[in-house]
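Here is the structure we will look at, set down as C-alpha coordinates.
The values are calculated or read from the model by the stated rules, or taken from the named source; none is laboratory data. The structure presented is a predicted model; accordingly, all values stated were derived computationally and were not measured. Cβ: placed from backbone, ideal geometry, glycine included. Neighbour counts: every protein chain shown. All accessible areas refer to the heavy atoms of the entire protein, side chains included, with ligands and DNA or RNA removed. Shrake-Rupley method; radii C 1.70, N 1.55, O 1.52, S 1.80 Å.
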Amino acid sequence: MRIWRNGFVLLGAALVAGLLGGCNQNQGDVIAKVNGETITTKEFFEYMKAKPQVQVVLPNGQPATADVADTIAFQVLQDLVRQKVIVQLAKDAKLEPTTAEIQAEVEFQRKRESNFVNNLKERGLTLDQIRDSLRVDLSREKLLTHDVKVTDAEVAEFIKNNRASFTAPEMFIGKWILVTSEQRKREVDRDLLAGSSFVTVARRLSEDPNLKEYLGDYRQS
(Lines give C-alpha, C1' and ligand atoms only; values in the text may rest on other atoms or scores of the structure.)
Protein backbone atom coordinates (compact mmCIF):
# COMPACT_ATOMS: atom_id res chain seq x y z
CA MET A 1 0.00 0.00 0.00
CA ARG A 2 2.82 2.41 0.81
CA ILE A 3 4.50 1.72 -2.54
CA TRP A 4 1.24 2.35 -4.40
CA ARG A 5 0.56 5.55 -2.47
CA ASN A 6 4.03 6.91 -3.10
CA GLY A 7 3.67 6.07 -6.77
CA PHE A 8 0.32 7.82 -6.89
CA VAL A 9 1.73 10.91 -5.20
CA LEU A 10 4.61 11.08 -7.65
CA LEU A 11 2.29 10.53 -10.59
CA GLY A 12 -0.07 13.16 -9.25
CA ALA A 13 2.72 15.69 -8.83
CA ALA A 14 3.86 15.04 -12.39
CA LEU A 15 0.35 15.47 -13.73
CA VAL A 16 -0.13 18.69 -11.81
CA ALA A 17 3.11 20.03 -13.20
CA GLY A 18 2.01 19.03 -16.69
CA LEU A 19 -1.38 20.65 -16.30
CA LEU A 20 0.03 23.85 -14.92
CA GLY A 21 2.75 23.87 -17.53
CA GLY A 22 0.12 23.59 -20.25
CA CYS A 23 -1.86 26.45 -18.79
CA ASN A 24 1.24 28.58 -18.64
CA GLN A 25 1.55 28.39 -22.42
CA ASN A 26 -0.95 31.27 -22.32
CA GLN A 27 0.60 32.75 -19.23
CA GLY A 28 0.06 36.28 -20.48
CA ASP A 29 -3.73 35.90 -20.59
CA VAL A 30 -5.47 38.40 -18.34
CA ILE A 31 -8.14 36.89 -16.09
CA ALA A 32 -8.87 39.98 -13.93
CA LYS A 33 -8.05 43.63 -13.51
CA VAL A 34 -7.66 45.52 -10.23
CA ASN A 35 -7.71 49.30 -10.63
CA GLY A 36 -6.15 48.93 -14.06
CA GLU A 37 -3.48 46.40 -12.97
CA THR A 38 -3.81 42.93 -14.48
CA ILE A 39 -3.79 39.47 -12.94
CA THR A 40 -2.50 36.94 -15.46
CA THR A 41 -3.04 33.23 -15.83
CA LYS A 42 0.59 32.70 -14.84
CA GLU A 43 0.14 34.59 -11.56
CA PHE A 44 -3.10 32.73 -10.83
CA PHE A 45 -1.68 29.22 -11.25
CA GLU A 46 1.64 29.98 -9.57
CA TYR A 47 -0.19 31.28 -6.49
CA MET A 48 -2.63 28.36 -6.51
CA LYS A 49 0.29 25.91 -6.46
CA ALA A 50 1.52 27.34 -3.16
CA LYS A 51 -1.57 28.87 -1.52
CA PRO A 52 -1.12 28.01 2.19
CA GLN A 53 -4.60 28.74 3.57
CA VAL A 54 -8.24 28.62 2.50
CA GLN A 55 -11.50 30.07 3.75
CA VAL A 56 -13.97 27.52 5.18
CA VAL A 57 -17.43 27.71 6.72
CA LEU A 58 -17.88 26.18 10.18
CA PRO A 59 -21.03 24.18 11.14
CA ASN A 60 -22.42 27.30 12.83
CA GLY A 61 -22.16 29.23 9.55
CA GLN A 62 -19.18 31.31 10.65
CA PRO A 63 -16.31 31.76 8.15
CA ALA A 64 -12.83 30.72 9.28
CA THR A 65 -9.32 30.28 7.90
CA ALA A 66 -7.72 26.82 7.70
CA ASP A 67 -4.29 25.59 6.60
CA VAL A 68 -4.28 23.32 3.53
CA ALA A 69 -2.98 19.75 3.85
CA ASP A 70 -1.59 19.70 0.30
CA THR A 71 -1.62 22.31 -2.44
CA ILE A 72 -5.03 23.27 -3.80
CA ALA A 73 -3.99 22.07 -7.27
CA PHE A 74 -2.99 18.62 -5.96
CA GLN A 75 -6.21 18.29 -3.97
CA VAL A 76 -8.21 19.10 -7.11
CA LEU A 77 -6.28 16.45 -9.03
CA GLN A 78 -6.89 13.88 -6.28
CA ASP A 79 -10.61 14.61 -6.36
CA LEU A 80 -10.79 14.27 -10.14
CA VAL A 81 -8.81 11.01 -10.16
CA ARG A 82 -11.02 9.60 -7.39
CA GLN A 83 -14.19 10.57 -9.25
CA LYS A 84 -12.99 9.00 -12.51
CA VAL A 85 -12.08 5.75 -10.74
CA ILE A 86 -15.49 5.54 -9.02
CA VAL A 87 -17.37 6.00 -12.30
CA GLN A 88 -15.07 3.52 -14.08
CA LEU A 89 -15.59 0.89 -11.36
CA ALA A 90 -19.36 1.34 -11.59
CA LYS A 91 -19.21 0.99 -15.37
CA ASP A 92 -17.09 -2.18 -15.15
CA ALA A 93 -19.60 -3.65 -12.69
CA LYS A 94 -22.48 -2.64 -15.00
CA LEU A 95 -23.77 -0.29 -12.30
CA GLU A 96 -23.21 3.02 -14.09
CA PRO A 97 -26.17 5.36 -13.47
CA THR A 98 -28.39 6.01 -16.48
CA THR A 99 -29.35 9.45 -17.73
CA ALA A 100 -32.87 8.84 -16.40
CA GLU A 101 -31.55 7.92 -12.94
CA ILE A 102 -29.40 11.05 -12.81
CA GLN A 103 -32.35 13.25 -13.80
CA ALA A 104 -34.52 11.49 -11.20
CA GLU A 105 -31.89 12.34 -8.58
CA VAL A 106 -31.95 16.00 -9.68
CA GLU A 107 -35.73 16.04 -9.18
CA PHE A 108 -35.42 14.27 -5.82
CA GLN A 109 -32.91 16.86 -4.59
CA ARG A 110 -35.19 19.65 -5.84
CA LYS A 111 -38.03 18.22 -3.75
CA ARG A 112 -35.76 18.24 -0.70
CA GLU A 113 -34.51 21.77 -1.45
CA SER A 114 -36.37 23.82 -4.05
CA ASN A 115 -33.25 25.92 -4.78
CA PHE A 116 -30.93 22.91 -5.09
CA VAL A 117 -29.89 23.70 -8.68
CA ASN A 118 -29.92 27.49 -8.26
CA ASN A 119 -27.70 27.33 -5.18
CA LEU A 120 -25.10 25.28 -7.06
CA LYS A 121 -25.28 27.55 -10.10
CA GLU A 122 -24.62 30.54 -7.85
CA ARG A 123 -21.42 28.77 -6.77
CA GLY A 124 -20.35 28.67 -10.43
CA LEU A 125 -21.43 25.16 -11.44
CA THR A 126 -23.16 24.46 -14.74
CA LEU A 127 -26.05 22.01 -15.09
CA ASP A 128 -23.68 19.51 -16.77
CA GLN A 129 -21.28 19.76 -13.80
CA ILE A 130 -24.17 19.19 -11.39
CA ARG A 131 -25.21 16.08 -13.32
CA ASP A 132 -21.60 14.83 -13.40
CA SER A 133 -21.37 15.26 -9.62
CA LEU A 134 -24.58 13.30 -9.14
CA ARG A 135 -23.26 10.61 -11.49
CA VAL A 136 -20.28 10.16 -9.16
CA ASP A 137 -22.53 10.10 -6.06
CA LEU A 138 -24.91 7.54 -7.58
CA SER A 139 -22.01 5.39 -8.81
CA ARG A 140 -20.51 5.35 -5.30
CA GLU A 141 -23.88 4.48 -3.76
CA LYS A 142 -24.46 1.62 -6.21
CA LEU A 143 -20.98 0.18 -5.65
CA LEU A 144 -21.49 0.21 -1.88
CA THR A 145 -25.04 -1.13 -1.78
CA HIS A 146 -25.63 -3.38 -4.79
CA ASP A 147 -24.98 -6.57 -2.80
CA VAL A 148 -26.70 -5.37 0.38
CA LYS A 149 -30.11 -6.96 1.05
CA VAL A 150 -32.28 -5.59 3.86
CA THR A 151 -35.86 -6.76 4.34
CA ASP A 152 -38.76 -4.64 5.56
CA ALA A 153 -38.96 -6.88 8.61
CA GLU A 154 -35.31 -6.14 9.49
CA VAL A 155 -35.94 -2.42 9.15
CA ALA A 156 -39.01 -2.60 11.39
CA GLU A 157 -37.11 -4.63 13.99
CA PHE A 158 -34.21 -2.16 14.02
CA ILE A 159 -36.56 0.80 14.49
CA LYS A 160 -38.38 -1.04 17.28
CA ASN A 161 -35.13 -1.73 19.13
CA ASN A 162 -33.73 1.77 18.59
CA ARG A 163 -36.82 3.91 18.99
CA ALA A 164 -34.95 6.65 20.89
CA SER A 165 -32.70 7.23 17.88
CA PHE A 166 -35.74 8.09 15.76
CA THR A 167 -37.46 10.35 18.30
CA ALA A 168 -36.80 14.07 18.57
CA PRO A 169 -38.57 16.78 20.57
CA GLU A 170 -40.92 19.03 18.64
CA MET A 171 -39.00 21.95 17.14
CA PHE A 172 -38.92 24.34 14.24
CA ILE A 173 -36.23 25.86 12.08
CA GLY A 174 -36.89 29.40 10.92
CA LYS A 175 -35.18 31.79 8.53
CA TRP A 176 -35.91 35.47 8.15
CA ILE A 177 -34.96 38.55 6.21
CA LEU A 178 -35.37 41.73 8.23
CA VAL A 179 -36.25 44.88 6.26
CA THR A 180 -37.55 48.25 7.42
CA SER A 181 -38.91 49.75 4.22
CA GLU A 182 -41.52 48.81 1.64
CA GLN A 183 -39.00 49.32 -1.17
CA ARG A 184 -36.54 46.85 0.40
CA LYS A 185 -39.39 44.36 0.91
CA ARG A 186 -40.24 44.55 -2.80
CA GLU A 187 -36.58 43.91 -3.67
CA VAL A 188 -36.56 40.82 -1.44
CA ASP A 189 -39.79 39.48 -2.97
CA ARG A 190 -38.50 40.12 -6.49
CA ASP A 191 -35.21 38.26 -5.94
CA LEU A 192 -36.85 35.29 -4.21
CA LEU A 193 -39.46 34.97 -6.96
CA ALA A 194 -36.64 35.10 -9.53
CA GLY A 195 -35.15 31.98 -7.93
CA SER A 196 -32.26 33.38 -5.88
CA SER A 197 -31.50 31.34 -2.76
CA PHE A 198 -32.74 32.60 0.61
CA VAL A 199 -29.22 32.94 2.01
CA THR A 200 -28.04 34.93 -1.01
CA VAL A 201 -30.93 37.37 -0.71
CA ALA A 202 -30.48 37.64 3.06
CA ARG A 203 -26.80 38.46 2.67
CA ARG A 204 -27.57 41.22 0.20
CA LEU A 205 -30.72 42.79 1.59
CA SER A 206 -31.35 41.78 5.22
CA GLU A 207 -30.91 44.45 7.90
CA ASP A 208 -30.60 41.87 10.68
CA PRO A 209 -27.71 43.04 12.95
CA ASN A 210 -26.70 39.38 13.46
CA LEU A 211 -26.69 38.56 9.74
CA LYS A 212 -22.98 37.73 9.52
CA GLU A 213 -23.26 35.34 12.46
CA TYR A 214 -26.47 33.50 11.55
CA LEU A 215 -26.81 33.98 7.73
CA GLY A 216 -30.59 34.36 7.87
CA ASP A 217 -31.32 31.76 10.54
CA TYR A 218 -33.90 32.97 13.06
CA ARG A 219 -32.44 32.77 16.55
CA GLN A 220 -34.79 33.61 19.42
CA SER A 221 -32.92 35.02 22.40
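Averaged across orientations, what area in nm² does the convex hull of the alpha carbons in the range 74-118 project?
Averaged projected area of the range 74-118's Cα convex hull equals 4.2 nm².
For Arg204 and Leu125, what does the FRET efficiency come to when R0 = 22 Å and r is the distance between their Cβ atoms, rounded to the nearest 0.05?
My answer for the efficiency is 0.65.
Would you give the gap between the C-alpha center of the range 146-221 and the C-alpha center of the range 27-94, rounded to a whole Å?
Measuring centre to centre over Cα atoms gives 29 Å.
Suppose all protein chains stay in the model; what accessible area per residue would a 1.4 Å probe give for the range 81-192, in Å²?
For the range 81-192, the per-residue accessible area is 79 Å².
Could you work out what % of the accessible surface of the range 72-127 is carbon and sulfur, using a 1.4 angstrom probe and leaving DNA, RNA and ligands out of the count?
54
Given a 1.4 angstrom probe, I'd like the percentage of the accessible area of the range 141-221 that is carbon and sulfur, rounded to a whole number.
Carbon-and-sulfur percentage of accessible area, whole number: 54.
Work out the charge dipole of the range 26-162 with +1 on the Cβ of Lys and Arg and -1 on the Cβ of Asp and Glu about the Cα centre, then indicate which of Ala66, Met48, Val148 is farthest towards its positive end.
With unit charges placed on the Cβ atoms, the residue in question is Met48.
Amide H neighbours of Lys175 under 5 Å, at least 5 residues apart or on other chains, H built in the peptide plane: list them.
The answer is Tyr218.
What Kirkwood hydrodynamic radius do you get for the range 78-221 when you take the inverse of the mean 1/r over all pairs of distinct Cα atoms, in Å?
19.1
Within the set Lys84/Lys121; Lys91/Lys160; Lys42/Lys91; Lys84/Lys142; Lys51/Lys84; Lys121/Lys185, which residue pairs have Cα atoms separated by over 27 Å?
Over 27 Å apart, Cα to Cα: Lys91/Lys160; Lys42/Lys91.
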